[in-house]
Amino acid sequence: KSNHKLFILFYTILKEENQDGYKIVKDFGRLLVERKSNKKRKNNNFQTYNAIGRYTKSIIPLIKERAYLVTDLWDLMDYFFQAPISYENASKNWKEETPELMQKVIVELNNIEDFTSQNIETLLKEWMTTNEIGMGKVMQPLRLSLVGALKGPHLFDIIEMIGKEESIKRIEKAIQTL
């Protein structure tokens, strides 16, 4: 199905079957509208729906291959709308040196101006190579910080989609929590 048709089905099913998820998506749409206008104001449902639509339609191509049913979409994309509230297998993927490494990742993310998936990937991998840091020591804890589990599409697509500010907030939360 087209991304638009999947979005319509997703939004309808979410509204009917998952009230918590529906509220999160709707609130997130309002936040997108507020961010774009740079002021708090009452926004109408049309603006919120369009903001949700554009954002969700850009996520659907990243995850639709993993979904068997439209009802699976929320479980595959909830982390695009909300920060993790728990972390799966944290003890396996969060080591003693991880908080220090994640602080360094935050510094690197802050220094990136062209915040695109490809650029983020190139610069972080260059930083890891230059500092002789293994991919697993950074990538798994980074994904855990952002998603709450070792799942999802390409990590750098997730970082681009949720944005620099939200990525940094999630990493800081993981450092404090884990």
Mean separation of Cα contacts under 8 Å (6+ apart) over length of the range 19-178, as relative contact order %: 26
Expected vector for the range 85-93, Karplus 3J(HN,Hα) from phi with 6.51, -1.76, 1.60 and θ = phi - 60°, integer Hz, x for Gly and Pro, equals 9, 8, 10, 6, 6, 4, 5, 6, 10
From the phi angles alone, apply the Karplus equation (6.51, -1.76, 1.60; θ = phi - 60°) to the range 10-18 and give each ³J(HN,Hα) in whole Hz, x where the residue is Gly or Pro. 4, 4, 5, 5, 4, 5, 7, 10, 9
In what order, largest first, do 121, 160, 126 sit by accessible area if the probe radius is 1.4 Å? 126, 160, 121
Nearest-ten-degree value, helix 164-177 long axis tilted from longest Cα axis of the chain: 60
Using a 10 angstrom Cβ neighbour count of at most 10 plus a DSSP loop assignment to flag exposed trypsin sites (Lys or Arg not before Pro), which longest range of the chain is free of such sites? 43-178
What is the helix-to-structure angle for 98-111, meaning the angle in degrees between its Cα long axis and the longest Cα principal axis of the chain, kept from 0 to 90 and rounded to the nearest 10? 70
At a probe size of 1.4 Å, how large is the accessible area of residue 135, to the nearest 10 Å²? 90
Between helix 117-130 and the chain, what is the angle of the helix's C-alpha long axis to the longest principal axis, kept within 0 to 90° and rounded to the nearest 10? 10
Out of these labelled values of semi-axes √(5λ) of the Cα gyration tensor in Å, (i) 30, 18, 15; (ii) 51, 18, 12; (iii) 25, 21, 15, which was calculated from the coordinates shown here? (i)
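The values are calculated or read from the model by the stated rules, or taken from the named source; none is laboratory data. Note that the structure is a prediction, hence the values are computed from the model and not measured. Note that we place each Cβ from the backbone using ideal geometry, even for glycine, and neighbour counts take in every protein chain shown. Heavy atoms of the whole protein, side chains included, go into the accessibility calculation; ligands, DNA and RNA do not. Shrake-Rupley method; radii C 1.70, N 1.55, O 1.52, S 1.80 Å.
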